[in-house]
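Student: What follows is a structure written as structure tokens; I'll ask about it next.
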Amino acid sequence: MANNGRRSVKQKKGPTVGTGGHGRKALEGKGPTPKAEDRVYHKAHKNKQLAERSAAKRGTGARSAGARSGPKGRATEEVVTGRNSVVEALRAGIPAKALHVAIRIEMDDRVKESLKIAAERGIPLLETGKPELDRMTDDAIHQGLVLQIPPYEYQDAYELAEETVEAWKKGHIANAPLFVALDGITDPRNLGAIIRSVSAFSGHGVIVPERRSVGVTASAWKTSAGAAVRVPVARAANLNSTLKAFKNMGIFVLGLDGDGDVSLPDLALAKEPVCIVVGSEGKGLSRLVRENCDQIVSIPIDSAMESLNASMAVGISLYEISRQRAAK
């Protein structure tokens, strides 16, 4: 059959001329559903904006000092989860940013008390869906209650010591400066217990290194039973440099260790400005910290017991110093 010298061209599959591929685009869909916090009409988006504005006012930036990393590097706020933990934290007076309550939560005495305390303290109550609570807590068991803890505002170790020494010399405080410094302690419960002991025996502050050290977390707040409100925790960029500066101010640095130069009952420096340094239960004091101590003090214990928990050793030492100071 004649075709006037033209070859027939077979049409390729795909969109016809002029469609612009609209049919293909229609099949591709609209992509994954945005996260709740990225949807402007969702309550989670408003909560995120409020949190960002609050962080900006504090000058903490996108990631605060009190934040922790969740899965895939996601920054999450420090939180207390679970009904027992939340109500105990509220009873202890732990500072709180907001109390998140699950939608249609099943009420019990713990939930009722948590809501009551939060209302009395003016803590914002936010009704939050379970998916958002799961995200906030990295899928921990929260039982419908999540308490957000604001980042702790650390003082500078040198400035805290300098202010305390000056106040003591002017007679504004009765007792000589008394500090506790932590060397290699990473358990927040130890920190909380130490803060509690410092408060009980009229200490003036706790010093923690910036690196490889525990910070004031929700767990530390809880263990301190609210004492962290009264006792300042200060950060030292370099613990050894800070201890040297303390010594130049007239503060005696005493390290706690099992093979000390002096036994605690024979301590002659109790009534002087003192900074007690305690190491981890396993490693004890690091070599450089030990060299920077004026004395190494040991606590007499039964030979069957190898060592004492760090917070227990601090508590015993603070008691003895307090006892000697009271016997003026």
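Here, each number is a calculation from the coordinates, and none is a lab measurement. Predicted model only: the values in this text are computed from it and were never measured. Quick reminder, even Gly has a Cβ in these numbers, built from the backbone with ideal geometry, and neighbours come from all protein chains shown.
Student: Per residue of region 206-218, what does 6.51 cos²θ - 1.76 cosθ + 1.60 with θ = phi - 60° give for ³J(HN,Hα)? Whole Hz please, x for Gly and Pro, Karplus curve as stated.
Tutor: Once rounded to whole Hz, the list reads 10, 10, 10, x, 6, 10, 6, 8, 5, x, 7, 9, 4.
Student: I'd like the distance separating the alpha-carbon centroids of region 181-235 and region 278-324, in whole Å.
Tutor: 16 Å
Student: Hey, another quick one. Using the alpha carbon gyration tensor of region 134-288, what are the three equivalent-ellipsoid semi-axes (square root of 5 times each eigenvalue), largest first, in whole Å?
Tutor: Taking √(5λ) for each eigenvalue gives 30, 18, 14 Å, largest first.
Student: If you don't mind, another one. Please list, in order along region 118-124, the HN-Hα scalar couplings obtained from phi with the Karplus expression 6.51 cos²θ - 1.76 cosθ + 1.60 (θ = phi - 60°), rounded to whole Hz, x for Gly and Pro.
Tutor: Ordered by residue, 3J(HN,Hα) equals 4, 5, 5, 8, x, 7, x Hz.
Student: Next question. Highest first, please rank the peptides 262-272, 288-298 by the mean number of other Cβ atoms sitting within 10 Å of their residues.
Tutor: 288-298, 262-272
Student: In region 206-229, which residues have a backbone nitrogen under 12 Å from the label point lying 7 Å from residue 241's Cα in the Cα-to-Cβ direction?
Tutor: Only 210 fall inside the zone, counting backbone N under 12 Å.
Student: Please list, by residue number, everything in region 270-304 whose backbone N is under 12 Å from a paramagnetic label point 7 Å out along Cα→Cβ of residue 173.
Tutor: What the label zone holds, given the 12 Å backbone N cut-off, is 273-275.
Student: Sorting 107, 312, 136 on the 10 Å Cβ count, fewest up front, what's the list?
Tutor: Arranged by neighbour count, lowest to highest, 107, 312, 136 become 107, 312, 136.
Student: Run through region 121-202 and list the trypsin sites (Lys or Arg not before Pro) located in a DSSP loop whose Cβ has at most 14 other Cβ atoms within 10 Å.
Tutor: Loop-located and lightly packed - 170.
Student: Let me ask something else about it. Rounded to a whole number, what is D in µm²/s for region 155-230 from Stokes-Einstein with the Kirkwood radius over alpha-carbon pairs (37 °C, 0.692 mPa s)?
Tutor: 255 µm²/s
Student: After finding the eigenvalues of the alpha carbon gyration tensor for region 218-328, what semi-axes result from the square roots of 5 times each, listed largest first in whole Å?
Tutor: Calculated on Cα positions only, the semi-axes equal 20, 19, 17 Å.
Student: Next question. Determine the alpha carbon to alpha carbon distance for each of 97/170; 116/222; 97/130; 97/222; 97/283 and list only those over 27 Å.
Tutor: 97/170; 97/283
Student: Then there is this: Convert each backbone phi in region 253-260 into a coupling constant with the Karplus relation 6.51 cos²θ - 1.76 cosθ + 1.60 (shift: θ = phi - 60°), then list the ³J(HN,Hα) values in order as whole Hz, x for Gly and Pro.
Tutor: Once rounded to whole Hz, the list reads 9, 10, x, 9, 7, x, 10, x.
Student: May I pose another question? Based on the alpha-carbon gyration tensor of region 128-181 and its eigenvalue square roots a ≥ b ≥ c, which shape applies: rounded if a/c is under 1.5, prolate if not and a/b is larger than b/c, or oblate?
Tutor: prolate
Student: Take each of the peptides 276-286, 212-222, average the number of other beta-carbon atoms within 10 Å over its residues, and list them starting from the highest.
Tutor: Final packing ranking: 212-222, 276-286.
Student: Would you work out if region 253-300 is rounded, prolate or oblate? Take a ≥ b ≥ c from the square roots of the eigenvalues of the alpha-carbon gyration tensor; rounded if a/c is under 1.5, else prolate when a/b is larger than b/c, oblate otherwise.
Tutor: oblate
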